[in-house]
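See below for the structure under consideration.
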Amino acid sequence: MPEQLIISISGMRGIIGENLTASIAAEYGSAFGTFLKDSAGSNGSRLSVCIGRDSRGSGRMLASAVGAGLCGVGVDVVDVGLVPTPTVGVMVTHLGCAGGVIITASHNPIQYNGIKLLLGNSMAPPVDAAGRIKQFFLEKRFDYVDSARCGGVAFSDEADAKHIERVLAIADKEAIAAKGFRVVLDSVNGAGGPITRKLLAELGCQVSAINDEPTGVFAHTPEPIAENLTNLCEVVKAEGAEIGFAQDPDADRLAIVDEAGTYIGEEYTLAMAAKYIFSKKVGKAATNLSTSRMIDDIAAKAGCQVIRTPVGEANVASAMLENDCVIGGEGNGGIIDLRVGPIRDSLAGIALVLQLMAETGRSVSQLTADIGSYYMTKTKFAADSKQAMEILKLAKQQFSDARLDVSDGYRFDFEDGWVHIRSSNTEPVMRAIVEAKDRSIVQRYLGEIAKIRREVLG
Ligand code: MG
């Protein structure tokens, strides 16, 4: 069966030349533009949308098509070129745009591309708004305008500079530069290379960059997880660098390699950023229910609070805005610092981690030891919505002694660990994540989940 075009709250994702074509993208642009006009009401002022793209070869085609769709409904376009996802977020608010579009399929393989949407606050549309955009698209409700009122396209080349400016404003540039850190950067030939090299140069780092040309020809499988970063680990070790940074193709996620060339796991990115922020001020953090307890440990030591949200960047960002959080993000290496923008940003993450290293004088391996460690295992399995409900029901019976959070699937918190079972937003699968201090405890919870799965799925 051919794969379906996926339309979720974060936008659209498909396979180029199969289900994601220029005409589909243009209609999606028109649907988004119509939605924005509809939401703005009839005050007569023209709206603009900022468009950026990652390095995939199909990026320019999709950006042009979405832009044409927007112009057709009378929305102006500012094309900021080949940039990371968070850079588009910065430009939306900098330029006062009504929305933003990022052409990216994030960490998915090269045959995919996608269209991510942002509202004027640089956040992904909330569920109700995303539902309306999807409805406009499916029902082809496009508010086309006549020739005189068509949108225009302007180009901006200041996106990198504006983004770097905001990141430098949250860091102590001199303190970091004084250390002259030796850094290896792996941008997987995605959008992150050029801008991140510039940021690291501003921070006085000695940089060895690998895969830093934004060719869209990914140097390795693009998700920044251990098995894909063996080369980065080797280069860090060979060069005697103090830290290695890995980005995904749209540079919203950040993974770290320590000075021994060991991949420390994406969960530590948020933990280290929170450790630095909480050393400066008492405040709140927000993260999703699937993220490690490390951040709770760090917050508890600093007298700070952690708010847990359903999975999804927009959920974390909304909770951060509502609760005035000083740091937030996701365990997949997505750091959100509202001073830069309500969007996951590997550049903000890099600045905060280097700042922590500079101020504490501790190496990455020492910092991870300070934070402590957990065992975490993630599994996923096919389950339709009926099976998913049955699995959750049985899990609730099985884990009846746990503290239960039902805001996104079920998260069971025990003294010695936690289990989070939820359905995917984009495919008919369930994910189960288990974390505990002890590997045997993880195995025990996994065994109990496997038993429930067998009972329901056979
Ligand atoms: Mg990404």
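On the stretch given as segment 251-269, residues that are within 16 Å of the ligand (Cβ to nearest atom) and not β-branched (Val, Ile, Thr) total 6. Take the conditions free of Cβ contacts under 8 Å to residues at least 40 places away in the same chain and in contact with a helix residue (DSSP H, G or I) (Cβ under 8 Å, 6 or more places away or on another chain) and apply them to Leu5. Does it pass? Judged against the criteria, Leu5 is a match. For the condition under 28 Å from Arg56 (Cα atoms) and among the small types (Gly, Ala, Ser), Gly180 does not qualify. Of all residues in segment 96-109, those that are within 10 Å of Val77 (Cα to Cα) and assigned to a loop (DSSP other than H, G, I, E, B) have Cβ atoms under 9 Å from Cβ atoms of residues that are away from the ligand (no atom under 15 Å from the Cβ) and modelled with pLDDT of 95 or more, 6 or more apart or on another chain, in Cys97/Leu47; Cys97/Ser48; Cys97/Val49; Cys97/Cys50; Cys97/Asp76; Cys97/Val78; Cys97/Met91; Cys97/Gly120. Looking across segment 93-110 at every residue that is among the hydrophobic types (A, V, I, L, M, F, W, C) and within 16 Å of the ligand (Cβ to nearest atom), the one that is surrounded by the fewest Cβ atoms within 10 Å (Cβ to Cβ) is identified as Ile110.
Is there a residue being buried (at least 22 other Cβ atoms within 10 Å of the Cβ) and within 16 Å of the ligand (Cβ to nearest atom) anywhere in segment 280-289? There is at least one residue in segment 280-289 that is buried (at least 22 other Cβ atoms within 10 Å of the Cβ) and within 16 Å of the ligand (Cβ to nearest atom). Within the set Val364, Val353, Val326, the sole residue that is more than 22 Å from the chain's Cα centre (by Cα) and either free of Cβ contacts under 8 Å to residues at least 60 places away in the same chain or more than 16 Å from the ligand (Cβ to nearest atom) (or both) turns out to be Val364.
All conditions but one from (1) part of a helix (DSSP H, G or I); (2) under 30 Å from Lys116 (Cα atoms); (3) more than 16 Å from the ligand (Cβ to nearest atom) apply to Glu174; the one that does not is (2). For segment 382-399, the count of residues that are farther than 30 Å from Ile449 by Cβ, surrounded by fewer than 24 Cβ atoms within 10 Å (Cβ to Cβ) and polar (S, T, N, Q) is zero. Restricting Ala358, Ala388 to those that are in contact with a Lys or Arg (Cβ under 6 Å, 6 or more places away or on another chain), in contact (Cβ under 8 Å) with a residue 24 or more places away in the chain and part of a helix (DSSP H, G or I) reduces the list to Ala358. Scanning segment 224-274 for residues that are polar (S, T, N, Q) and within 20 Å of Gly361 (Cα to Cα) returns Thr262, Thr269. Against the criterion of being closer than 30 Å to Glu213 by Cβ and either away from the ligand (no atom under 16 Å from the Cβ) or polar (S, T, N, Q) (or both), Ala273 qualifies. For segment 53-69, the count of residues that are assigned to a strand (DSSP E or B) and polar (S, T, N, Q) is zero. Which one is modelled with the highest pLDDT, of the residues in segment 422-439 that are surrounded by fewer than 21 Cβ atoms within 10 Å (Cβ to Cβ) and among the acidic types (Asp, Glu)? If we take residues in segment 422-439 being surrounded by fewer than 21 Cβ atoms within 10 Å (Cβ to Cβ) and among the acidic types (Asp, Glu), then Asp438 is modelled with the highest pLDDT. So Gly89 ticks every box in (1) out of contact with any Phe, Trp or Tyr (no Cβ under 6 Å at 6 or more places or on another chain); (2) assigned to a strand (DSSP E or B); (3) not acidic (Asp, Glu) but one. Which box is left unticked? Going through (1) out of contact with any Phe, Trp or Tyr (no Cβ under 6 Å at 6 or more places or on another chain); (2) assigned to a strand (DSSP E or B); (3) not acidic (Asp, Glu) one by one, Gly89 breaks only (2). Going through (1) touching a residue at least 60 places away in the same chain (Cβ under 8 Å); (2) part of a helix (DSSP H, G or I); (3) more than 20 Å from the chain's Cα centre (by Cα) one by one, Asp143 falls short only on (2). Within the set Val406, Val419, the sole residue that is buried (at least 17 other Cβ atoms within 10 Å of the Cβ) and hydrophobic (A, V, I, L, M, F, W, C) turns out to be Val419. Within segment 111-130, the only residue that satisfies the criterion of being over 15 Å from the mean Cα position of the chain (by Cα), within 14 Å of the ligand (Cβ to nearest atom) and not polar (S, T, N, Q) is Tyr112. No other residue among Asp186, Asp172, Asp250 is charged (D, E, K, R), modelled with pLDDT of 95 or more and surrounded by fewer than 23 Cβ atoms within 10 Å (Cβ to Cβ) apart from Asp172.
When segment 195-208 is examined, which residues are found to be surrounded by fewer than 19 Cβ atoms within 10 Å (Cβ to Cβ), in contact with a helix residue (DSSP H, G or I) (Cβ under 7 Å, 6 or more places away or on another chain) and under 24 Å from Gly81 (Cα atoms)? Within segment 195-208, Lys198, Glu202 meet the criteria.
Going by the conditions given, is Val306 surrounded by fewer than 22 Cβ atoms within 10 Å (Cβ to Cβ) and part of a strand (DSSP E or B)? Criteria met by Val306.
The values are calculated or read from the model by the stated rules, or taken from the named source; none is laboratory data. Treat the numbers as computed from the prediction; the structure is a model and nothing was measured. Cβ: placed from backbone, ideal geometry, glycine included. Neighbour counts: every protein chain shown.
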